[in-house]
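The values are calculated or read from the model by the stated rules, or taken from the named source; none is laboratory data. In this text, all values refer to a predicted model and were calculated from it rather than measured experimentally. Note: ideal-geometry Cβ built from the backbone for every residue, glycine included; neighbour counts use all protein chains shown.
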Amino acid sequence: MKQTPEQVWVSDITYLGTRKKPLYLSLVSDAYFKKIMGFNLSNTLKQEGAIDTLKMAIKNRDYSTESLIHHSDRGLQYCGYEYQRILDKHEVRRSMTENADPYENAIAERINGILKDEFMLDQHIVNQQTMAKIVKQSINIYNPYRPHWNCELLIPNQMHRQRNIKKPVYKKKLAVRKLLLLIIILYLYKSVNLY
């Protein structure tokens with residue numbers, strides 16, 4: 001199957017903060033190119049957060065005439081009438097996990113992990129308004145600057161703009177590692193010499 005942007009979206013909800021006062025981050029991301037298409041931070045697991053995320057993702061589509069598959073777990077947010085109605089309205093086909101196994105939605109889980117670990121969203125114990133700003137800033141850094149190995153070290157925004165993508169083949173891992181090291185060195189050099 002030819003891989004193109006907005007061919008498959010993955011959706012998930014992850015919690016941030018503490019178990020006593022959790023916040024719930026809902027994401028819709030491009031499965032192949034890892035671009036976060038929509039997000040919402042809520043203090044409940046009600047369907048509205050997931051719906052707002054889906055609406056943002058649909059609004060952010062660059063290839064709205066292309067067919068699209070939406071993949072998620074079987075959470076009530078994704079099975080609800082309004083969520084399904086929006087998918088139908090935009091002619092988005094559905095795919096759902098068979099079981100409650102996170103490996104069946106591994107791409108979405110990986111993006112959650114990147115935001116929690118690399119952007120330290122899991123470390124901030126703040127109110128919802130402040131966390132919403134932190135989440136937005138993190139995604140505004142992630143999409144245009146965070147390279148991915150399976151995207152040939154391109155960033156999500158670069159990959160998303162391309163229409164004909166060949167599946168990455170890593171024949172020369174050492175060369176890729178050297179390239180990544182060079183990028184890191186250049187970034188550090190640039191950031192140290194900015195001022």
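The requirement of being more than 21 Å from LYS116 (Cα to Cα) and either surrounded by fewer than 22 Cβ atoms within 10 Å (Cβ to Cβ) or modelled with pLDDT of 90 or more (or both) is satisfied by TYR63.
Taken together, ILE58, ILE13 contain a single residue that is out of contact with any strand residue (DSSP E or B) (no Cβ under 6 Å at 6 or more places or on another chain), at pLDDT 95 or above and either assigned to a strand (DSSP E or B) or among the hydrophobic types (A, V, I, L, M, F, W, C) (or both), which is ILE58. You will find that of ARG94, ARG163, ARG110, ARG85, the residue that is modelled with pLDDT of 90 or more and either in contact with a Gly (Cβ under 6 Å, 6 or more places away or on another chain) or not in a helix (DSSP H, G or I) (or both) is ARG94 and no other. Being in contact with a helix residue (DSSP H, G or I) (Cβ under 6 Å, 6 or more places away or on another chain) and of a type in the set (Val, Ile, Thr) holds for only one residue in THR65, THR97, THR130, THR53, and it is THR97.
Checking the structure you have, find out if any residue of the stretch 28-47 is under 27 Å from TRP149 (Cβ atoms), in contact with a Ser or Thr (Cβ under 7 Å, 6 or more places away or on another chain) and among the acidic types (Asp, Glu). No: zero hits.
The residues of the stretch 19-53 that are among the hydroxyl-bearing types (Ser, Thr, Tyr) and not in a strand (DSSP E or B), listed by number, are TYR32, THR44, THR53.
Checking each residue in the stretch 66-79 for being loosely packed, with under 15 Cβ neighbours inside 10 Å and more than 15 Å from MET37 (Cβ to Cβ) picks out SER67, ARG74, LEU76, CYS79.
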